[in-house]
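The values are calculated or read from the model by the stated rules, or taken from the named source; none is laboratory data. Predicted model, so just to flag it, every value in this text is computed and none were measured. So basically every Cβ, Gly included, is an ideal-geometry build from the backbone, and we count neighbours across all protein chains shown.
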Amino acid sequence: MNKFNKFAAAAAAFALAVTSAGCGAPEAITIGKGTQTALTIDGYEVPAGVFIYNEITAYNNAANELYAKNKTEPSLEDVKNATIEDMSATEWIQNKAVEACKDFVANEKEFEKIGESLSAEELDNIKKLVSSNSGSEMFSENGIGEESLRKIIENSYKQEAIFKHYYGLGCEKGCTEDELKEYFQDKTTRLKYFTINLLDENGEKYSDEEIRTLNKMADQYVKEINAEKTDKAKLAKIDECEEEYNEYAAKRAEEAAKKAAEEAGETYTTTTTTTTTAAKDATTTTTTTDPYEKEITMTKYTTTTADESNPVTTTASAEAEASMKAFRDYNTYVFDGLDYYKAEKYQYDENTIYIIIKADIKERMTEDDLWSEENVEALLSERYYSDFTDMMKSIAEGYDSNRNTSAFRKYSPFKLKLETDKK
């Protein structure tokens, strides 16, 4: 998902995170004249709808904080009565909403400063998003009208434009295309592999004799792949070896099933496959296949990538720790121990053998493959998003804010409709 256009994800989170309620839910919020502006940030008047939207987001974040802490889904009352970072839930939620409003204003002001404008296509997309979300109960019941929705959605597009202005290819804080390619090549590789399972169809370890047989097969596959004269031929040969192994595994599984049936005094029926041959003059359709269909790309494992994919640190089980260690060892082996276009046998864990070959990622860095415009934009976002958010946060933190006391009192989070009606 685009890291900047967060509106759709947030809207979905509203629908998922709120609790179910029976009767007694707050009445719909109406925006009065004296509370149309929730607060003023560096001279910018933040509409009440924008502030309320950020309050609901902050409420969901508070609920997530409690869930991470207690491992149980909190009720609205649980959140309401909670103390978060030595603050009441109301204070914490409204402070977070103010921070989000500062970020909102920073985007508005910086967008104006750099003299950017939204395209006709972007404006049309914004219009469609407003139309499709304006009927949401979570918005309409809390006084978040179409104009506020438009500002919120527009702000995401403006944020993306600011990022491209500073961190796009060849821009002030970004990098050249060659530098981005080097960044991608250092952290990404391409692989073809297949697995040889050392467990039978019942999940039981094969006999020592069978495991020796499978290891000999694996060694032979590696030898056959590496005997090919060209890199392309090696990549094709690994597919042939995989098909051969699959046929062997299927035949062995069938023999085991037949033996088990005989021992149980049952009749075993062999499944037959019928091959249909096309008539001589029949018209055939040629389907273009993806030459990289059986390839995968792998990202180099680092502490940073681990933190991004697992933001919440938990105490892992011994089994999970062992699995993670196996992955880390395998990742290190692929990037640091495996040569290009040289097939090898790799024992991933006690139950699995890999037949694997690494290919040059540069061969696939074309506009119609891994170096498409969409992938380049995603890569820039991955590389610079943290720097960008730090830059924008430093701008936002320099703003003074003046709260409209009446609005903050009227739109106190637990006066909002944070529950959905039971059906």
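Looking at this structure, is MET298 in contact with a helix residue (DSSP H, G or I) (Cβ under 8 Å, 6 or more places away or on another chain), part of a helix (DSSP H, G or I) and either at pLDDT below 95 or surrounded by 15 or more Cβ atoms within 10 Å (Cβ to Cβ) (or both)? Considered against the rule, which asks whether it is in contact with a helix residue (DSSP H, G or I) (Cβ under 8 Å, 6 or more places away or on another chain), part of a helix (DSSP H, G or I) and either at pLDDT below 95 or surrounded by 15 or more Cβ atoms within 10 Å (Cβ to Cβ) (or both), MET298 comes out as no.
Taking residues in segment 237-262 that are farther than 16 Å from GLU210 by Cα, and partners anywhere that are of a type in the set (Asp, Glu) and modelled with pLDDT under 85, the pairs with Cβ atoms closer than 8 Å and at least 6 places apart or on different chains are ALA257/GLU201. For a quick check of your reading of the model, give me the residue pairs whose first member lies in segment 367-386 and is free of Cβ contacts under 8 Å to residues at least 12 places away in the same chain, whose second is acidic (Asp, Glu) and part of a helix (DSSP H, G or I), with beta-carbon atoms closer than 8 Å and at least 6 apart or on different chains. Qualifying pairs under 8 Å: GLU367/GLU373. For ALA261, state whether it is under 23 Å from LYS205 (Cβ atoms), modelled with pLDDT of 70 or more and under 45 Å from the mean Cα position of the chain (by Cα). So ALA261 fails the test. For first residues located in segment 35-50 and more than 14 Å from GLU146 (Cα to Cα) and modelled with pLDDT under 95, partners that are basic (Lys, Arg) and in a helix (DSSP H, G or I) and lie 6+ apart or on another chain with Cβ distances below 6 Å form the pairs THR35/LYS410.
Out of curiosity, is LYS417 modelled with pLDDT of 95 or more and either part of a helix (DSSP H, G or I) or surrounded by 15 or more Cβ atoms within 10 Å (Cβ to Cβ) (or both)? Spelling it out, it is not the case that LYS417 is modelled with pLDDT of 95 or more and either part of a helix (DSSP H, G or I) or surrounded by 15 or more Cβ atoms within 10 Å (Cβ to Cβ) (or both).
Hey, does segment 360-375 have a residue that's of a type in the set (A, V, I, L, M) and over 27 Å from ASP290 (Cα atoms)? For segment 360-375, residues of a type in the set (A, V, I, L, M) and over 27 Å from ASP290 (Cα atoms): absent.
Summed over segment 99-124, residues that are within 26 Å of the chain's Cα centre (by Cα) and touching a residue at least 24 places away in the same chain (Cβ under 8 Å) total 7.
Take ALA62 and tell me if it is at pLDDT below 90, surrounded by 19 or more Cβ atoms within 10 Å (Cβ to Cβ) and part of a helix (DSSP H, G or I). The answer is no for ALA62.
Taking the criterion of being at negative phi, of a type outside the set (Asp, Glu), out of contact with any Leu (no Cβ under 6 Å at 6 or more places or on another chain) and in a loop (DSSP other than H, G, I, E, B), the residues of segment 168-224 that qualify are GLY168, LEU169, CYS171, LYS173, GLY174, CYS175, THR176, LEU198, ASN202, SER207.
Tally time: how many residues in segment 179-229 are aromatic (Phe, Trp, Tyr) and under 30 Å from LEU379 (Cβ atoms)?
Going through segment 179-229 one residue at a time, the tally reaches 4.
What single numbered condition from (1) under 30 Å from ARG212 (Cα atoms); (2) crowded, with 18+ Cβ neighbours inside 10 Å fails to hold for GLU321? For GLU321, the failing item is (2). Restricting attention to segment 225-248, the residues that are within 12 Å of ILE357 (Cβ to Cβ) and assigned to a helix (DSSP H, G or I) total 13. The lone criterion from (1) touching a residue at least 60 places away in the same chain (Cβ under 8 Å); (2) over 20 Å from GLU419 (Cα atoms) left unmet by ALA89 is number (2). Among the residues of segment 33-42, the one identified as within 12 Å of LYS102 (Cα to Cα) and out of contact with any helix residue (DSSP H, G or I) (no Cβ under 9 Å at 6 or more places or on another chain) is THR40.
Of the residues making up segment 395-413, those that are surrounded by fewer than 16 Cβ atoms within 10 Å (Cβ to Cβ), assigned to a helix (DSSP H, G or I) and touching a residue at least 60 places away in the same chain (Cβ under 8 Å) are GLU397, SER406. Every condition in (1) within 24 Å of the chain's Cα centre (by Cα); (2) at pLDDT 95 or above is met by ASN133 except one, and the failing one is (2).
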